[in-house]
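The values are calculated or read from the model by the stated rules, or taken from the named source; none is laboratory data. If you're wondering where the values come from, they're calculated on a predicted model, not measured in any experiment. Quick reminder, even Gly has a Cβ in these numbers, built from the backbone with ideal geometry, and neighbours come from all protein chains shown. Remember, those area values only see protein heavy atoms, side chains included, never the ligands or the DNA or RNA. Shrake-Rupley method; radii C 1.70, N 1.55, O 1.52, S 1.80 Å.
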Amino acid sequence: MSIEHIEVPANAPAGDTRDAAPDIRRRIARAVGDVRGRTPLAQSFTNFVTINLVANAQLAAGGTAAMSFLPDDIIDTAAISGADYINVGTLLPFYKDALPQVARAFHTASHPWVLDPVAAGIGATRTAILTSFKRWPPTIVRGNASEIIALDAMWGLGDADTASRPAGVESVDAVDSAVAAALRLARFMAAHNGIGKAAVAVSGAVDLVTDGEDVYRLPGGSAMMTKITGAGCSLGGVTAVYLAVADPLTAALASTALYNRAGEIAERHSAGPGSFQTALLDALWNLTAEQVAESEILRD
Amino acid sequence: MSIEHIEVPANAPAGDTRDAAPDIRRRIARAVGDVRGRTPLAQSFTNFVTINLVANAQLAAGGTAAMSFLPDDIIDTAAISGADYINVGTLLPFYKDALPQVARAFHTASHPWVLDPVAAGIGATRTAILTSFKRWPPTIVRGNASEIIALDAMWGLGDADTASRPAGVESVDAVDSAVAAALRLARFMAAHNGIGKAAVAVSGAVDLVTDGEDVYRLPGGSAMMTKITGAGCSLGGVTAVYLAVADPLTAALASTALYNRAGEIAERHSAGPGSFQTALLDALWNLTAEQVAESEILRD
Amino acid sequence: MSIEHIEVPANAPAGDTRDAAPDIRRRIARAVGDVRGRTPLAQSFTNFVTINLVANAQLAAGGTAAMSFLPDDIIDTAAISGADYINVGTLLPFYKDALPQVARAFHTASHPWVLDPVAAGIGATRTAILTSFKRWPPTIVRGNASEIIALDAMWGLGDADTASRPAGVESVDAVDSAVAAALRLARFMAAHNGIGKAAVAVSGAVDLVTDGEDVYRLPGGSAMMTKITGAGCSLGGVTAVYLAVADPLTAALASTALYNRAGEIAERHSAGPGSFQTALLDALWNLTAEQVAESEILRD
C-alpha cells in the first residue's frame, strides 16, 4: 500500500505540499481545545479492572467522568452526557440484558457512544452481548486487531474464516491484518448507527484509524503501554470525551494522538510501570492542543 | 451572616480571645492521634470506581479497611468495625434490597455509619435506596451541595422546590445553597439515627460542616481534588475511620481538615493529577495531629 | 525448632556447606527468568478493591493478566492460561454458584490455580464457597495466618478448637501459629487436587512457605506492605503467574521472595504509602532473577 505522510514539521511553511491533511490537524487541535474548555461529561459502563484509570484519564484529558452499570442510571445520565463508553472487559450475569437495553436506548436517542470489545470471541455471554450490538451499532469502536477481527466476524460483515482467537485480552494479530475488518465495521456502523458517521480505531505498535473511507496510521507511543493494565480501556474512555465535542473520525484521531504523545513523555519520565502510569496521567493533563495536533499521521 | 474566625495562630497565647473554639481543636487533635494509635477498622460498601483509593486513604490516615457488598459479610464485620461507610456511586441491581437491609441492621445495633449520597437524584434505583435510608438514618452524611440538597428533598425535610438536578457526579450548586438542607438533615438524623448526634459535611471550594446547631466552614484544599476521581469518596471513607474514635461533628471536621491540608501539600509536590494522587496519599500518612488541628476553621 | 540457614552469600564458593538448597535457588532463578521470557497468562477471579493492582503486579512481574467473573469466560480462557487465581475478598451473590463451578472445572481439567481465602471465617456466603473448595482443592493457598487457620478448620483437617476469628481482612495470629494448619492443608491439597503437588504460603513479618513436607521461612519485605491495600492479593496474583511456569513450591517461594525484595526497595524509594505502591510496581519490573534467587531463605 502507498503511505502518504501528513506530518507537519514544526517549522514547515503553511502550504507545505507534504502535508496532505492540514484540515485534520485543525480539527484535532480544536477538539483538544474544546475538551479543555468545556469539560464535557462522558459516561462509562466499563470493566472493574481499569474503571479507576478510565475515570482518571478522562479527567486528566479535560473531561468529566460518570460510571454506572444500571440502565435507569445510564439512560438518565445520557441526557446530560456528551457521549458514552461501553467496555465489555469484565461481565456480570445481568449485563446480558442490561447492555443491549442501554445500546437500544442510545440508538433511539441517536446518542453517540464508543465500544471497546475487550476479549471479543471469548465466552458465550460476551459473544451474545457483542452480537446484539449489531442492531444498535456504536459510533466508534476501539480495540486491538484481534478484537476488531472478531467483532467483524460476529457481525457477519466479512469472511468468517478470517476470525482469529484472541489470546485473552492481548492481541495475537498485527494491526495490518485488521484493515479490511476495520473498514467494513466503520462503513456498517455509519450506515446503521443513526449518526451517519463512524470510526474504528485499532491499537497496536502503529495505531490505525478509519472512518470507512480513509485509513490513517499513527506511529509512536510507548511499549510500556502494554505493561500497565488499562492503556487501551482508558484511551477508549478518553475517545468518548472527545466524541462529546467532535465528529467520530476527529475524536478517534485526536485521542489516539494524545495517547501516543503522552506515552512517549511518560516513558522518558518513569523507571517502571508504576511511575509510568503516574507520568501518563500527568502528561495527559499537561499536553497542549498544538502538541497533539503536530503528531505524525500517515494516510494510506 | 457573621463569620467567627477560630484559627489558632501557631504562636498565639493559649487564651487568645480570637480562638472561639479551642475545644474543637483539641477534639480534632485527639481524634487524629487516636486513629494513629488505635488503627480502627472502618468497613465500606462503596462504588467500584474509587474503592481502591478509599481503602488506601483509610490506611494512609491510620485506619484499617474492609470492603464488602454482601449483607451477611457486612453485618458480621460490623461487630468488629468502629464505623461503616456506604457510598451509592455505582449500583448493582441487588443493592436495592441489600443496602436497606444493611442500614436497618446498623440501626438495630446503633452502629455509626457515614453515607455518601453520590449522584443523588439520578436513577430510580438510587432514589429508592436513598429514600429508604430515611427510616434508618446515617450518623454522618458527606456530599457535594447538589447531593445534600437532593437528599433533603427526597426525605421531604424542606421545600421540595429547592431540589436541583445534579450534573452527573459533579455539583452544580454552591456550598452556600446547601446550608439550610444540611442543617435540616443533621437535625433529622440526630433525632432518628439512634445515636443522638449527627453531622453533615458539604464539600466545595470552602467546605461546610454542621451538627445541626453550629455551622463551620473550612477553607483550603486544592482544585486538583476535582481532577482525580475519588477525592470525595475517599474523604467519606476516612470520615468513617474518624467516626470510629470520635463524635460525629469532630469526625467530620477532622477528616475535612486533614483532606484540605493533604490537598495543599499534594498540589505543591505534583506535576499533574497522576502525581497529585500519589502525593495526596503520602500527605495523609505524614500529616501530624497538630498540623490538622491548626487548620483554619470559621464558625458562622 | 531448628532453623537451617540456606542463604547463599554472593561470594560463597559453589559448594558452600551452609547452603542447604542450591537447587531451590536455581529453581527460583529459572522461574523468574521463564516468566520474563514467556510472559505467561494468569487469569484472575478476584476482588474489586485490589483488582487493578493485581493485574498491574502480574504485568510488572513479567506475566499477562486477564480478569473475569463469568464461568463461561473463565472456563474458555483457562484453556490458554497457564494458571488461575481466585480471591474471595469481595463477593457478589451469584459467586456462591459461580466459584464452585469454576473450581470444579479447574479440577476436571487438572488446571493449576491459587486460592487467596481473604477474610476466611467471616460471612455465611464466604464460608459456603471456601468449604466447597475442599472437593476441588487449589494448587496453592496464600493467606495470612488467621485465614490459613480458618481454612484448615473449615475443611476439618485439624482440631477445630484452633480456629481463630480474623479481624476483618487483617491477621490477628502470628505466622508461627499457622504452621500445623499450613502443613495439613498442603498435604491435603497435594493428595486431592489432581496435580499431585501443592504449596501453602503464609504472609507475615517472616513469610512461611510449605509443600507439606519442608517448611521455609522468608524474612524481609516492608511494614509499608500493610499500609497499602492489595499487597497480599497482588502477591497471590503474581504467584499464579509463577505457577504457570513452575511447580507449586517454587512458584510460592519465588513470588514471596520477589515481593520481599521489591518491598525493601520500594520502602527506600518512597515517602509514604502513595509513592510506596508506585515504587513497588517499578521494583517488581526491575528486579533480576539473580536478585530474587539470592534472597534469604531459612528451612526449619
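Selection of first residues in segment C:171-191 that are closer than 18 Å to C:Pro112 by Cβ and of second residues that are at pLDDT 95 or above and in a helix (DSSP H, G or I), restricted to Cβ pairs under 8 Å at least 6 apart or on distinct chains, gives the following pairs, ordered by first then second residue: C:Leu185/C:Ile148; C:Leu185/C:Leu151; C:Leu185/C:Asp152.
Filtering segment B:251-264 for residues that are away from chain A (no Cβ under 14 Å), open to solvent by less than 20 Å² (accessible area, probe 1.4 Å), outside any helix (DSSP H, G or I) and over 22 Å from A:Leu287 (Cβ atoms) leaves an empty set. Among the criteria (1) under 11 Å from the mean Cα position of the chain (by Cα); (2) within 14 Å of chain A (Cβ to nearest Cβ), the one B:Leu235 does not fulfil is (2).
Filtering segment A:27-48 to residues that are open to solvent by 10 Å² or more (accessible area, probe 1.4 Å), at negative phi and facing chain B (nearest Cβ under 10 Å) leaves only A:Leu41. Residues that are closer than 16 Å to C:Arg261 by Cβ and either without any contact (Cβ under 8 Å) to a residue 24 or more places away in the chain or touching a Lys or Arg at 6+ places or on another chain (Cβ under 9 Å) (or both) within segment C:192-221 comprise C:Ala201, C:Ser203, C:Val206, C:Asp207, C:Val209, C:Tyr216, C:Arg217, C:Gly220, C:Gly221, listed in sequence order.
Identify all residues within segment C:76-93 that are among the hydrophobic types (A, V, I, L, M, F, W, C), under 16 Å from C:Phe106 (Cα atoms) and surrounded by fewer than 24 Cβ atoms within 10 Å (Cβ to Cβ); write none if there are none. Passing the criteria: C:Ala78, C:Ala79, C:Ile80. Against the test of being modelled with pLDDT of 95 or more, of a type in the set (A, V, I, L, M) and surrounded by 21 or more Cβ atoms within 10 Å (Cβ to Cβ), the options C:Ala191, C:Ala182 yield a single qualifying residue, C:Ala182.
Residues in segment B:265-300 that are more than 14 Å from chain A (Cβ to nearest Cβ), aliphatic (A, V, I, L, M) and in contact (Cβ under 8 Å) with a residue 24 or more places away in the chain: B:Leu284, B:Leu287, B:Ala289, B:Val292, B:Ala293, B:Ile297, B:Leu298. Scanning segment C:80-92 for residues that are within 10 Å of chain A (Cβ to nearest Cβ) and either without any contact (Cβ under 8 Å) to a residue 40 or more places away in the chain or among the charged types (D, E, K, R) (or both) yields C:Ile80, C:Leu92. Where residues in segment B:137-160 are under 18 Å from the mean Cα position of the chain (by Cα) and assigned to a loop (DSSP other than H, G, I, E, B), which of them is surrounded by the fewest Cβ atoms within 10 Å (Cβ to Cβ)? The residue in question is B:Pro137. If we scan segment C:132-148, do we find a residue that is within 14 Å of chain A (Cβ to nearest Cβ) and either more than 17 Å from C:Val200 (Cβ to Cβ) or touching a Phe, Trp or Tyr at 6+ places or on another chain (Cβ under 9 Å) (or both)? No, the conditions are met nowhere in segment C:132-148. Checking each residue in segment A:49-75 for being among the hydrophobic types (A, V, I, L, M, F, W, C), more than 8 Å from chain B (Cβ to nearest Cβ) and open to solvent by 10 Å² or more (accessible area, probe 1.4 Å) picks out A:Val49, A:Ile75. Within segment B:213-229, restricting attention to residues that are more than 17 Å from A:Ala61 (Cβ to Cβ) and in a loop (DSSP other than H, G, I, E, B), the residue that is most open to solvent (accessible area, probe 1.4 Å) is B:Glu213.
Please enumerate the residues belonging to segment A:44-61 that are in contact (Cβ under 8 Å) with a residue 12 or more places away in the chain and either under 17 Å from A:Leu258 (Cβ atoms) or within 14 Å of the chain's Cα centre (by Cα) (or both). Selection gives A:Ser44, A:Thr46, A:Leu53, A:Val54, A:Ala55, A:Asn56, A:Ala57, A:Gln58, A:Ala60, A:Ala61.
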